[in-house]
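Notes follow the structure.
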Amino acid sequence: MNFADWYTDLMDVWRVQTVMDGSLTRHERVQVYAGIPCRVYQSDNRAVNLTQTASDVHQEDRLACGLDADVQAGDELIITRGARLGHKTHVVRAFASDPNPYYEPFGAVIPGLAHQEIRLRQQERVKGDVSGDTQGTNEPAESESGTA
């Protein structure tokens, strides 16, 4: 058995890098890797927090990937669930914590278990579903309210 056989998802890694713009130095988030095999294997599905102005979700999941994946704390990960199997069910946007490597012990009984575990932090505003609300007023469009 090999741990890589369990990787059903793909992730893209975005990292903040220094960019020179003439004589000015800016920091911007750029994509550094794409299509890295991984698996979100422990999901922390917390309830959605409802407030008067917005709804949000705070989740802390765990991701496993190969030791060769260069993921650093603070990287933004865009994970497409089921992409290695051709499903692409949904996309998860999360931020990485420090990776925890698990190396292959010498003379391992079950080879192929070397991997790294990365805790993920999701903190997103939940998208509302008010049709026709292009101005952010949380009111239905004129055609929906009966006044056309």
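Please treat every number below as a calculation from the coordinates, not as lab data. All values derive from a computational prediction rather than experimental measurement. Every residue, glycine among them, receives a Cβ derived from its backbone with ideal geometry; neighbour counts consider all protein chains shown.
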Study note, to complete from the structure: Computed ³J(HN,Hα) along segment 67-79: with the Karplus parameters 6.51/-1.76/1.60, θ = phi - 60°, integer Hz and x for glycine or proline, the list is 5, 7, 6, 8, 10, 10, 4, x, 5, 8, 10, 10, 10
Point to revise | Sites H87 and V30, calculated FRET efficiency, Cβ-Cβ separation with R0 30 Å, nearest 0.05 | key: 0.60
**Study point:** Length added when fully stretched, L67-T18, from 0.36 nm per residue minus Cα-Cα
**Key:** 15.1 nm
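Which peptide among 17-26, 81-90, 67-76, 4-13 comes first, and what is the full order, when sorted by highest mean count of other Cβ atoms within 10 Å?
Highest to lowest by the protection proxy: 4-13, 67-76, 81-90, 17-26.
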